[in-house]
1. So residue 164 ticks every box in (1) more than 20 Å from the chain's Cα centre (by Cα); (2) under 20 Å from residue 11 (Cβ atoms) but one. Which box is left unticked?
2. Against the conditions (1) modelled with pLDDT of 95 or more; (2) closer than 20 Å to residue 41 by Cβ; (3) buried (at least 16 other Cβ atoms within 10 Å of the Cβ), where does residue 166 fall short? Just the number, please.
3. Hey, among 225, 309, which residue is modelled with pLDDT of 95 or more, touching a strand residue (DSSP E or B) at 6+ places or on another chain (Cβ under 7 Å) and either closer than 26 Å to residue 44 by Cβ or not in a helix (DSSP H, G or I) (or both)?
4. Assess whether residue 118 counts as being closer than 27 Å to residue 211 by Cα, surrounded by fewer than 17 Cβ atoms within 10 Å (Cβ to Cβ) and within 16 Å of the ligand (Cβ to nearest atom).
5. When you scan the range 147-188, how many residues do you find that are free of Cβ contacts under 8 Å to residues at least 60 places away in the same chain, part of a loop (DSSP other than H, G, I, E, B) and away from the ligand (no atom under 15 Å from the Cβ)?
6. Do you know which of the residues in the range 65-78 that are part of a helix (DSSP H, G or I) and free of Cβ contacts under 8 Å to residues at least 60 places away in the same chain is nearest to the ligand (Cβ to nearest atom)?
7. Residues of the range 191-217 being part of a loop (DSSP other than H, G, I, E, B), without any contact (Cβ under 8 Å) to a residue 40 or more places away in the chain and buried (at least 19 other Cβ atoms within 10 Å of the Cβ), which ones?
8. With the requirement that a residue be within 12 Å of the ligand (Cβ to nearest atom), part of a strand (DSSP E or B) and either within 19 Å of residue 186 (Cα to Cα) or at pLDDT below 90 (or both), what does the range 1-21 give you?
Ligand code: TRP
């Protein structure tokens, strides 16, 4: 708890470009949470180097992601938006928790298995202990809730296991975090394979709408969206392509699927695709404009980076000192 509020923590990697899925499915819904929770949104650059990165590119992407959080509506005065690498407590706690995590547990992580297959030439120790760093991110702030996708559930589970193990030895040190199950927003599917989630790591650029795509690109991607040959507009699992288009239309316009179906009844797929495309263009426009504005205001962003790192450091250090004392490190003499 911080000032009587529960703590919410989430992190995103600065690799890949954020998509409409990240925006409509997550980011946009986070804006309303800052009244109820004390929120920390971290750009997890320490995690990024488990895969080889081009340094200048990583730095640029990390800053862009941080600005995108703000451009999407997260108020940096209410939400602590910061870089993981600016708060050394993440790495320090991670070392300690490494000593409370078993090789066998880490060996079972499906993401490690997937990534080892994908990066067979660089299966480094950081990739293996990635979940311990993620556990440290969460536990460092005594987080109560963590909004995560289904792909990160296993990592949240191991976080809880590590925290419970530590608490069983040393007393109640860590808050045991739970998955955030509030209004999670729509699940946006790929435009090229509507059975698959829209992903920022998809190799086909036509499968995803990126937050920074211009209007023409967005309209073109919707025109090319995979549908079916049934030639009727229904909201049904038997027509996943059409269902996805309606879903996108409804999340952004606030209309219900029934209203949308009525609106497009008897019309062609071309009409629907264009209407959805235009709705997306309109929804992303303010985000893109705000991003452009922030990009030019270096002093303002630098100020946020500094202040929020200080704030994160304050809370991180509080937990870290307690943990260091519990495991038997000597007290600091001032
Ligand atoms: N591993 C997460 C992902 O790839 C990112 C992440 C790092 C994270 N630390 C976190 C998410 C802590 C939630 C909480 O999506």
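The values are calculated or read from the model by the stated rules, or taken from the named source; none is laboratory data. All values reported here derive from a predicted model rather than from experimental measurement. A quick note on method: Cβ atoms are made from the backbone with ideal geometry, for glycine too, and the neighbour counts reach across all protein chains shown.
1. So the condition that residue 164 fails would be (2).
2. With respect to (1) modelled with pLDDT of 95 or more; (2) closer than 20 Å to residue 41 by Cβ; (3) buried (at least 16 other Cβ atoms within 10 Å of the Cβ), residue 166 is out only on (2).
3. Among 225, 309, only 309 is modelled with pLDDT of 95 or more, touching a strand residue (DSSP E or B) at 6+ places or on another chain (Cβ under 7 Å) and either closer than 26 Å to residue 44 by Cβ or not in a helix (DSSP H, G or I) (or both).
4. yes
5. 1
6. Here the residue is 65.
7. 202
8. Matches in the range 1-21: 10, 12.
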